[in-house]
Amino acid sequence: MPKLPLGMKPLIFTLCIIFIAAIAHSQVSGKLTAADGSPVAYATVTLLKSNDSTQVRSATSDDKGIFNLIAVSSGSYTLKVSCVGYLDYTSQQTIPGSAYDVGTIQLKGAKNQLGEVVIRSKKPLVQQEAGGLVVNVQNSILTKGSSVLQVLSRSPGVIVDQQTSAISLNGKSGVMVMLDGKLLRLSADQVAALLNGMTADDIDMIELLTTPPAKYDADGNAGLINIVTKKNKKPGTSGSVIASAGYGKGDKASADIDLTHNSGKVSLHASYSYYHDHSYALLLAQGTSNDPIIGGRNYFHYNGQGNTVSDYQGLGGGLDYHANAATTIGGGVYYSISSSQNSSHNFGNYALTDSNLVFDSQLVGTSHTYYLHPSLYLEQAISKDQKLNINLDYFGHRSNSPTQVQSNFSDSLFSPNARNVANSGIHVFVAQADYSNSFSKQLQLETGVKSTYTRSQSVAAIENLVNGQWVPVGAGTSNNLSTRELRAAGYAILSWKPDSLTSLSAGARYEYSSNTTDHSLNAQYYVDRKLAKLFPDIFLSRKLNATDELQLSYTERITRPSFSDLASYVSYNDPTSVFTGNPALKPTITHNLKLAYNRQDYLFSILYSRDTDPIEGVQGVPGPTKGLVYLMPENADWQNNLTAQATIPVKLTAWWEMNYNFIGGWHQYHISYFPGLLVKGYYSYSLNFTESFKLPRLYAIELSGYYNSSSYGSNSRSNGNAIVNLGFKKELNNNNGSFQLGISDVFSASNYRAHSGLLITDAFDSDVQISYRAESYFRPIIKLSYSRSFGSNSKKDTHKNDGTKEEQDRL
């Protein structure tokens, strides 16, 4: 019998508890009427624990006045009913361990209504919207002191490759990442570096959009991940401060301060964040390969020890001016600077037929990255039913990443003293206008146009030190590439509600793009590509009753190669291989068909998708320099995916809540860039869980984690792995803030294993076993955080510009 991963044992134990406890659950139902006997529809019915008034369940009545509260354990409760135009109704109820009918409740009409109603409630951890799931990350204790990348990796269906930094969603690569509705037009490792430097304390929610509507950019065959930051628009002066410190195998620290002043006419906001991370990692590899650059067929083992110190500072500010009730103008600027000091020790040996080559090297380098994003916007209410939004944005990204390599290895293309030069600059200009018109309560139109101009410059080379001079290694290991991209898009969405239970939305987005290279040292890297395509979508929603809803949607998406995927950068990997881009990459076209079902907070969906020319990550292929392995992205032929997703919240008691998210399905892909044809089909699944415990004296505990089953990609298999995290929280009295203690990877299980060359013989006849051990494998990472809000009570809101989501993602 196979041994269970260590992290799965508490998971299975918890699931058993849920199933046993479910036996004692019952359904509470009833009917609401007015004094004349007519049904009261869409009233809010809430069940509270009698001893501490903690909310257990809530629902709304249907058009017949009937309500149902499911999965309620036996005990004493307070039943509360609220509805506009009626007085609140409360009664004490003793719920048995079976179905319970409270009968007909008659509500009394209210003669006067309050001028203002303030509603305070806790959002569920996971919610479903038309395009996908919403994760309210601040509901998790472990958010404090974590980076945005760490919180993202704990989100349902999201997998962050610890070695390559590639992000996948629901088992598919090609996901695009947005920050406040604006695409990060960066490579996978650049996105990971940016998100890893940002503190999660600034994040309000994460939107996992597997089927986004036409108003969003069509990029991302796996969908879009939108990271929404906090904004504060309450009157007066308010703010928050958060500080964290921790240790794993290296020291960690972060700090964040936010300030807002709103006088009604003018709103000012500013923020500063700092993030420090000293991390370690170990890469182990062994196997066989045919490497002509060192003499042919060999057996090798490789040991790579990484030691990285990363520092990130971000500064932001903005102004909103309410000229009148119909007009608001504003702008903001965000600037960040990050540095990463890398010191790696790589060693191993290559056993050839007649010799044994020993390899020992030191890689040392400090990279610097600068990111600038100023923006302007106008929000104009033309009339009661018509609105116009205009957004102007600029994104600037500049990086300088030199690396020195010293080794005892001289039996390859590279000398014992070599260096890797990699400089890049990207400039993106975006203009967008959006218009909406509500013709009636049943019919609404949304339309808009967008234009994007991007210019990038990349210089990359590997040079040998010869007689005191740095000399380029040769063709295929250096380039100076300049590219331009012009994109224009327009969309229209028509939404119709024929009745109170049904809504239909149909739209289309037309996009035109032109990509060209100004110059390149290598002719094979020349690009002149144009693409024009229409992307239709349709969304149908039907409420079955007050608690149940069905959603059906069809969308088309595209994944364009990032600038880094296309660019001619060349970076040193080891004596036999280099990393580079692939200017011949084609975009991926995706068709999605999704069916979703919601029952109160229970969420279920089935998604079928078909990808043409899906982009595979790092692949070992031949290149310009004979015998050298070029690690670069390639296009597969097609990929089919059928995935099911379920989100199940369970509240056993007033002090114990659980949330489980399951994603699993069938995947199949077809690849022809190997010497032979590769067709592979497989099943895979992932399980995320969160358990929250509310204790006396304002203490709380959170247990969370995930398990990802084994999966396949291209010519390799990734083994399954499980991670369990633990968090503690103490709220201080008199609004003096709170302390949070977070322990990541409690069981030190972050060992990511893979087998490459498993399915088919590649160009180098490789068969390699890989083990990547992240820092928490050696020691769990422990962080202590303190957070406090001050001034006016904060109400989070945001000026949400969806127009430049794609640009930030491709930078």
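Just a few scattered comments:
- Some residue of the range 138-160 being modelled with pLDDT of 75 or more, farther than 27 Å from residue 698 by Cβ, in contact with a Cys (Cβ under 7 Å, 6 or more places away or on another chain) and surrounded by fewer than 23 Cβ atoms within 10 Å (Cβ to Cβ): no
- Applying the set (1) touching a Leu at 6+ places or on another chain (Cβ under 9 Å); (2) surrounded by 18 or more Cβ atoms within 10 Å (Cβ to Cβ) to residue 750 leaves exactly one unmet item: (1).
- Among the residues making up the range 688-704, a single one is aromatic (Phe, Trp, Tyr) and within 28 Å of residue 720 (Cα to Cα): 689.
- Some residue of the range 378-387 being surrounded by 17 or more Cβ atoms within 10 Å (Cβ to Cβ), polar (S, T, N, Q) and over 27 Å from the mean Cα position of the chain (by Cα): no
- Counting the residues of the range 62-93 that are assigned to a strand (DSSP E or B) and within 18 Å of residue 51 (Cα to Cα) gives 12.
- Selection within the range 733-745 - outside any strand (DSSP E or B), open to solvent by 30 Å² or more (accessible area, probe 1.4 Å) and touching a residue at least 40 places away in the same chain (Cβ under 8 Å): 735, 736
- Extreme residue, nearest to residue 623 (Cα to Cα), among residues of the range 673-693 that are among the hydrophobic types (A, V, I, L, M, F, W, C) and within 21 Å of the chain's Cα centre (by Cα): 687
- Answer residue from the range 711-732, given it is polar (S, T, N, Q) and either out of contact with any Lys or Arg (no Cβ under 6 Å at 6 or more places or on another chain) or in a strand (DSSP E or B) (or both) and is surrounded by the most Cβ atoms within 10 Å (Cβ to Cβ) among those: 725
- Per-region count, the range 388-409, residues more than 30 Å from residue 361 (Cα to Cα) and either buried (at least 19 other Cβ atoms within 10 Å of the Cβ) or small (Gly, Ala, Ser) (or both): 6
- Taken as a whole, the condition of being on the phi < 0 side of the Ramachandran plot, modelled with pLDDT of 95 or more and of a type in the set (S, T, N, Q) does not apply to residue 619.
- Selection within the range 440-465 - farther than 30 Å from residue 403 by Cα, free of Cβ contacts under 8 Å to residues at least 60 places away in the same chain and of a type in the set (D, E, K, R): 441
- For the range 580-613, filtering for residues that are open to solvent by 10 Å² or more (accessible area, probe 1.4 Å) and at pLDDT below 80 leaves 3.
- Among the residues making up the range 36-61, those that are part of a loop (DSSP other than H, G, I, E, B) and either modelled with pLDDT under 85 or surrounded by fewer than 17 Cβ atoms within 10 Å (Cβ to Cβ) (or both) are 36, 37, 38, 41, 42, 43, 50, 51, 52, 53, 54, 61.
- Residue satisfying all of: in the range 257-282; surrounded by fewer than 18 Cβ atoms within 10 Å (Cβ to Cβ) and of a type in the set (A, V, I, L, M); modelled with the lowest pLDDT among these: 257
- The range 726-743, residues that are modelled with pLDDT of 90 or more and under 24 Å from the mean Cα position of the chain (by Cα): 726, 741, 743
- Pairs where the first residue, in the range 777-794, is more than 30 Å from residue 306 (Cα to Cα) and hydroxyl-bearing (Ser, Thr, Tyr) and the second is at pLDDT below 80 and open to solvent by less than 70 Å² (accessible area, probe 1.4 Å), C-beta under 6 Å, 6+ apart: 787/144; 794/232
- Looking across the range 65-88, the residues that are farther than 24 Å from residue 35 by Cβ and in contact with a Gly (Cβ under 8 Å, 6 or more places away or on another chain) come down to 73, 74.
- Members of the range 291-321 found to be open to solvent by 60 Å² or more (accessible area, probe 1.4 Å) and either of a type outside the set (Lys, Arg) or without any contact (Cβ under 8 Å) to a residue 60 or more places away in the chain (or both), listed by number: 292, 295, 299, 301, 305, 313, 315, 319, 321
- Single match in 694, 680 (criterion: of a type outside the set (Phe, Trp, Tyr), surrounded by fewer than 17 Cβ atoms within 10 Å (Cβ to Cβ) and in contact (Cβ under 8 Å) with a residue 24 or more places away in the chain): 694
- Among the residues making up the range 763-789, those that are within 26 Å of the chain's Cα centre (by Cα), among the charged types (D, E, K, R) and not in a loop (DSSP other than H, G, I, E, B) are 773, 775, 783.
- Taken over the range 697-718, the criterion of being touching a residue at least 60 places away in the same chain (Cβ under 8 Å) and hydroxyl-bearing (Ser, Thr, Tyr) is satisfied by 704, 706, 707, 711, 714.
- Qualifying residue in the range 314-322 (condition: closer than 30 Å to residue 374 by Cα, of a type in the set (Ser, Thr, Tyr) and not in a helix (DSSP H, G or I)): yes
The values are calculated or read from the model by the stated rules, or taken from the named source; none is laboratory data. Please read these numbers as outputs of a predicted model, since none were measured by experiment. Here the Cβ is made from the backbone with ideal geometry for all residues, glycine too, and neighbour counts use every protein chain on show. Areas reflect the complete protein model, heavy atoms only, side chains present, ligands, DNA and RNA absent. Shrake-Rupley method; radii C 1.70, N 1.55, O 1.52, S 1.80 Å.
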